[in-house]
1. Of the residues that sit in region 193-216 and are surrounded by fewer than 19 Cβ atoms within 10 Å (Cβ to Cβ) and of a type in the set (A, V, I, L, M, F, W, C), which one is farthest from ALA248 (Cα to Cα)?
2. Based on this model, can you work out whether ILE201 counts as closer than 15 Å to ILE262 by Cα, at pLDDT 90 or above and of a type in the set (Val, Ile, Thr)?
3. Is there any pair linking a residue in region 528-552 that is surrounded by 13 or more Cβ atoms within 10 Å (Cβ to Cβ) to one that is small (Gly, Ala, Ser) and part of a loop (DSSP other than H, G, I, E, B), with Cβ under 7 Å and at least six apart or on different chains, and which?
4. Among the helices (runs of 4 or more DSSP H) contained in region 1-74, which hold 3 or more residues that are touching a Leu at 6+ places or on another chain (Cβ under 8 Å) and either within 30 Å of THR350 (Cβ to Cβ) or modelled with pLDDT of 90 or more (or both)?
5. Go through THR444, THR413, THR358 for me and flag whichever is in a loop (DSSP other than H, G, I, E, B), of a type in the set (Ser, Thr, Tyr), at negative phi and in contact (Cβ under 8 Å) with a residue 12 or more places away in the chain.
6. Here's a check for you: in region 426-453, which residue that is farther than 24 Å from ASP234 by Cβ and surrounded by 13 or more Cβ atoms within 10 Å (Cβ to Cβ) is farthest from the chain's Cα centre (by Cα)?
7. For region 141-151, which positions are in contact with a Gly (Cβ under 7 Å, 6 or more places away or on another chain), on the phi < 0 side of the Ramachandran plot and either in contact (Cβ under 8 Å) with a residue 40 or more places away in the chain or not β-branched (Val, Ile, Thr) (or both)?
8. Just give me the residues in region 454-501 being assigned to a strand (DSSP E or B), without any contact (Cβ under 8 Å) to a residue 60 or more places away in the chain and under 33 Å from the mean Cα position of the chain (by Cα), in sequence order.
Amino acid sequence: MRNSRFFSLLLALGFAAQMVPAQAQTASPAPTIDDAIAAIRAFAPQALKDQGAPGMSVAITDRTHTIAIVTVGMADVGSKTPVSADTRFPIGSISKSMTALALLQLHDRGLVDLNARVQQYLPSWSIHSDGAPILVHQLLSHTAGVPDDYSLEQYGFALAALRNAHTLFTPGTAWAYSNDGLATVGAIVAGVSHASWQSNIDDHVFAPIGMTHSSAIFDNRELADTATGYQFRDADYVATPPYPPLVASPNQDFVDPAGSVISTPEDMAQYIRLYLNGGKTASGTQLIASGTFNAMTTADHFNNGSPDVAKGVELAEWPAFYHEYGYGLSVFHTDGDHLVGHTGGISGYTACFQANLTRGFGVIALSNLVEAPLHPCAIVKYAMEVLRAQSLGHALPAPPSGPPIAAPKVVATDYVGSYRSNDGGNVEIQNAGATLSLLDAGRTYKLIARDHDIFWTDDPRFTIYYVAFERNKAKAVDSFTNAGAYYVNARHAGPTTFTYPTAWNRLTGRYETSNFGGAVMRIVIVKGHLTVDGISPLRGLTNGAFALGSSVVRFDTLFEGKMQRLWLDGADLYRIELP
């Protein structure tokens, strides 16, 4: 064994290096940009697999040019068409930064005061804010308290519907991400310029930057040459494990300042270069003034890490992504570097980008799977780490060793045992090598953790809702629910039957909306409580409505003993006779 005190002395005197063979002293050459691109390219297939998307395109740029476009997978599964460098993808909420750019140009022209009330530019716009004014810059930074999606309709109606809404907090006192807030910014752009929002994006964002293959809107013509968007076939059921069956997402006309832009990797690389060059285009035009650019890329003092946050955005694959926010952009400060970025998710597609303003490089990833469960952020995060290491002459980091979302930790033995239901049915929870399974009527099914004490199973009796285990006062698992079904084990000592108002029977069932990015909600009674999807409780209010967290739910239109409409914060969902 080496004498540690003696060896330490040698190190201090500089003698240790003389004991090492000459070839070991030769430092590895600094990685080149080609080495960095090769590492990113090598990780791309695994990143695509982890996300579960059919295809993905990744553009990597510095301040002057696109360094590489990496493509993997299929733009269309049915025709086996691969993703190419020219494949177009919708970018979802990254559109918000473009809407912000259009408004900030109007500000630089003296046509919009960021400290003015919204009604100065949109006289018919209103929302209940307890008398506190809502200022334009608060919409840009999500500090106005405007609900996220008060209505699920096209944005004109959605903004009109806000007159019935209340702000989530006093404007200017906290942070809450809001699609409706940025859609209002788009309406200001249209009102002040006397031109549509989409023409402003075409003329004042795409044209000066050189984004010749981008569109501000969805319609059948614009979608004809995009990658086919996909969603989980069973998206109306509880979240399933990785790689469930996929189906093409429905197309629909869509115009929305908060999320309807379609673009290509090359166009988006040019867009990133605008930020890498301080708001200056490739031709040298300063698209927004330097001071305005600084304001856009500077974080508001309210962020997701603050106790003042009413409603934050937490990406499981990148938790710090929205901890700070400027004007239409997430803002980061990492190891002394200043970065900006955004994610996007729209029916059939997700996107993620980040740009390092300090070191002059950026990455965007575009994929054709709707926002569940992941954005394609894992490869962006890794690529940015690789590019930073290369720029510093450091060794390139190894790619992530596992999926970006870790499975919940489970003590399998907590759940093992026999469970019986009120109707005499029985199931067995078994543990084989720390892997849980459910034995039902002689057949064995997977039991996969989705959250603390919450599991998915492929038992056809239990696939619509989660299997939600419950614990007694001693913290021992003694029962589980699956919607209205209630199973208990030998440790259970409480009641197994429950009462509830009979009027609730007319509320239960499935409600959905068929619009773009439609939603499904199931109202079910669990252990005498009214819930959404068997998990989220509805709390009765004195006016006959119900509280769902900070949202309000109402039911109306009685027909044949069942309510036919569910109203959620201004969005209408209608009963459909499906499970």
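The values are calculated or read from the model by the stated rules, or taken from the named source; none is laboratory data. These numbers were taken from a predicted model, which means no experiment stands behind them. Positions of Cβ are backbone-derived with ideal geometry, glycine not excepted, and every protein chain shown enters the neighbour counts.
1. ALA195
2. Values: closer than 15 Å to ILE262 by Cα: yes; at pLDDT 90 or above: yes; of a type in the set (Val, Ile, Thr): yes.
It is true that ILE201 is closer than 15 Å to ILE262 by Cα, at pLDDT 90 or above and of a type in the set (Val, Ile, Thr).
3. Between residues of region 528-552 that are surrounded by 13 or more Cβ atoms within 10 Å (Cβ to Cβ) and residues that are small (Gly, Ala, Ser) and part of a loop (DSSP other than H, G, I, E, B), the close pairs are GLY534/ALA483; VAL552/ALA545.
4. So the answer is 33-51.
5. Criteria check complete, one pass: THR358.
6. GLU428
7. So the first thing to find is which residues in region 141-151 are in contact with a Gly (Cβ under 7 Å, 6 or more places away or on another chain), and the list is 141-144, 146, 150-151.
Okay, now just the ones that are also on the phi < 0 side of the Ramachandran plot, so 141, 143-144, 146, 150-151.
Residues satisfying the conditions are SER141, THR143, ALA144, TYR150, SER151.
8. Going through region 454-501, the residues assigned to a strand (DSSP E or B) turn out to be 454-457, 467-471, 477-482, 485-488.
Now restrict to residues that are without any contact (Cβ under 8 Å) to a residue 60 or more places away in the chain: 455, 457, 467, 469-471, 478, 481-482.
Answer for region 454-501, where residues must be assigned to a strand (DSSP E or B), without any contact (Cβ under 8 Å) to a residue 60 or more places away in the chain and under 33 Å from the mean Cα position of the chain (by Cα): PHE455, THR457, VAL467, PHE469, GLU470, ARG471, THR481, ASN482.
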